[in-house]
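Okay, so here's the structure we're looking at.
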Amino acid sequence: MTRYKLMLSLTAAATALTAQMMPPGGPPHPGGGGWGPGPRGGGSRIIEAGPASRTPVTGAPYSAAESTSFVEKLGDGNVISRQDQSKVYRDSQGRVRVEHTGTPPGSQTPQTRITIFDPVAGFSYVLNPADMTAVKMAVQGRRGANTPPPAPANAPQPQVEDLGTRAVNGVAATGTRTTITIPAGQIGNAQAIVVTRETWISTALKVPVQIKSSDPRFGTTDLELTGITTSEPAADLFQVPANYTVTTRGRNNGGPRMQGMRGPRR
Amino acid sequence: MDSEQSLAAAMESLRAIASGQRPPERERQRLVAEFARLHRRPAFAWSGWAAAAAIVALAAGLALRAPRPSAAADDMDGFVAVPYAAPVAPGEFLRVIRTELYVSALDRMGITVPAASTQVSAEVVLGQDGLPRAVRVIEDESN
């Protein structure tokens, strides 16, 4: 019963961001393509967000618009596509704010979710402007250790190609193309699957300005960071408005974990 | 080395994994064991985001392993790496969402769960490109 209530809350909390899990037109039919959520919950919510690197990028503020397009070709020849839009801000202290707006499947009303990652104060927040609520989570303290990169393993490597440096979306960026081949039979696939990803990272800002991914299991994505300005964003963008109701959440509140979950078949 | 330092060191190496620089197998196994040991501590001493970042980093690295990782290695606090997912860049903004997934969707990822129903509750780690990097299925308490 508790779980059912949670599912209801998840439905209510469905956001544009989490629409990344939900192709337009409703959830995918089992076995009929797509990897989005099933029909029971019908929604999902962001519970955490932040940069992959634990070392905040400081002294390089910027503001930009981020657009991500998703295209998935179904087995019957049909195509599912959608676009997400975000506004991204980072200040000189390394604090990051992402405002993500989109329209959930089955809805005509765009919804916005805001995430603030504040390594200075040691907290991250997920804001829901619709009901003026925010969830606060602790961020691990920083350490300055710089462990030398480990030596490459002798195991087979994905194919990584250095694309050099060029201007992308108005800024200098270094590019890398990674190709991964899933051999036939590894995940039940009759033929080999080729996964590719081309990433362009701003040399000054240290963030992706363009990512083009293709994974036949999920479709293709094209992320573009445009309209980049390097002025200092307003400080209040990285603070929860005073009229928001803030709740603090720990991590281990997701219920028991399923046992026996496994990776690829053997 | 205290546990926090061990964790910090592990995090650094895991981030190196995420950036495409993978440690030797023995070091990787040591990191996985250390990560799991710390994560089992009753007093949860580090943040959810740190866990998520480590999971993503590990997921990205493990996903690229060939031959594929053992079940013990790719199972971190219930999170399982999406096999053969492309690595994430250090500057990417990652998201962890809680959602409902068809079991067939997990099959498509290459992940098998012993689920009795056709859909499950799960937490999914997404790269900035919106593609899944790791999944943790949550038991349905109503069952």
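Below are the figures for this structure:
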{"quantity": "Residue in segment B:93-100 that is more than 7 Å from chain A (Cβ to nearest Cβ), under 29 Å from A:V98 (Cα atoms) and out of contact with any Pro (no Cβ under 7 Å at 6 or more places or on another chain) present", "calculated": "no"}
{"quantity": "Output for segment A:210-243, where each listed residue is under 16 Å from the mean Cα position of the chain (by Cα), touching a residue at least 60 places away in the same chain (Cβ under 8 Å) and either facing chain B (nearest Cβ under 10 Å) or over 20 Å from A:S81 (Cβ atoms) (or both)", "calculated": "A:F218, A:G219, A:T220, A:T221, A:D222, A:L223, A:L225"}
{"quantity": "Segment A:172-189, residues that are over 30 Å from B:T112 (Cα atoms) and surrounded by fewer than 19 Cβ atoms within 10 Å (Cβ to Cβ)", "calculated": "A:A172, A:T174, A:G175, A:T176"}
{"quantity": "Residue match in segment B:121-136 (condition: assigned to a loop (DSSP other than H, G, I, E, B) and modelled with pLDDT under 85)", "calculated": "no"}
{"quantity": "Which listed residue is touching a helix residue (DSSP H, G or I) at 6+ places or on another chain (Cβ under 9 Å), of a type outside the set (S, T, Y), at pLDDT below 85 and more than 26 Å from A:S214 (Cβ to Cβ), from A:Q111, A:Q93", "calculated": "A:Q111"}
{"quantity": "Failed item in (1) modelled with pLDDT under 80; (2) more than 25 Å from A:S53 (Cα to Cα), with A:R143 passing the rest", "calculated": "(2)"}
{"quantity": "Segment A:159-185, subset more than 23 Å from A:T203 (Cβ to Cβ) and within 7 Å of chain B (Cβ to nearest Cβ), residue modelled with the lowest pLDDT", "calculated": "A:I182"}
{"quantity": "Counted residues, segment A:96-110 - those being within 14 Å of another protein chain (Cβ to nearest Cβ) and either more than 17 Å from the chain's Cα centre (by Cα) or more than 24 Å from B:P90 (Cβ to Cβ) (or both)", "calculated": "3"}
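The values are calculated or read from the model by the stated rules, or taken from the named source; none is laboratory data. As the structure is a computational prediction, the values presented were derived from the model and not from experiment. We place every Cβ from the backbone using ideal geometry, glycine too, and count neighbours over all the protein chains shown.
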